[in-house]
Amino acid sequence: MIDVEASGFGKGSYPIEVGFVLPDGTGDCMLIRPCEGWVHWDPAAERLHRIPREHVVRHGRPIIEVVARLDAELEGRTIYTDGWGSDYSWLSMLYEVADRSPTYHLDSLQKLLTEDQLLDWHRVKDEVSRETASKRHRASADARVLQATVVRLLSSDRTDRAR
């Protein structure tokens, strides 16, 4: 699973953090130093992810480093996201700046689930979020919640079929 936090919610927004978690539970989270021309900043987005722009500028990694890390860790994999449209756009921005193409494939986690499981998505995700008690709305924490939600939905479906 992968998740991207951004400077805002719409036009002009750009990625400020990316986090992923692999099937074995390992993962990474990286702040992304904005390009010089990336100036859009939405205070509502900052309230949600709690990452001040100054923190991103000061502690963010260069885009080429972020892209290299993603490619090294995710190479050959299909990586799933719950926000395919936004995350695809934001990751594309990174790769365009780095003048590279991803070594992995990004897809919607909806492809992993049945219609019934998708209907239960929000309820189960809320349960998982409460159980993990994560107060961080950060990319790696969100990716872990996504992964745990998918695992729970898939395993409950197998349990239901075994009955």
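A few comments on the model shown:
- Close pairs (6 angstrom Cβ cut-off, 6 or more residues apart or separate chains): free of Cβ contacts under 8 Å to residues at least 60 places away in the same chain in region 50-65, part of a helix (DSSP H, G or I) and surrounded by 12 or more Cβ atoms within 10 Å (Cβ to Cβ) anywhere: Ile63/Leu94; Ile63/Val97; Ile63/Ala98; Ile64/Ala98
- Single residue of region 34-58 satisfying the filter (within 25 Å of Val145 (Cα to Cα) and assigned to a loop (DSSP other than H, G, I, E, B)) that is least open to solvent (accessible area, probe 1.4 Å): Ile51
- Selection of region 59-99 for residues being aliphatic (A, V, I, L, M) and outside any helix (DSSP H, G or I) yields only Ile79.
- Set Tyr88, Tyr80, Tyr104: member being within 19 Å of Ser140 (Cα to Cα) and open to solvent by 60 Å² or more (accessible area, probe 1.4 Å): Tyr88
The values are calculated or read from the model by the stated rules, or taken from the named source; none is laboratory data. All of these numbers come straight from a predicted model, not from anything done at the bench. Reconstructed Cβ throughout: ideal geometry from the backbone, glycine too, with neighbour counts over all protein chains shown. The area values use the complete protein model at the heavy-atom level, side chains included, leaving out ligands, DNA and RNA. Shrake-Rupley method; radii C 1.70, N 1.55, O 1.52, S 1.80 Å.
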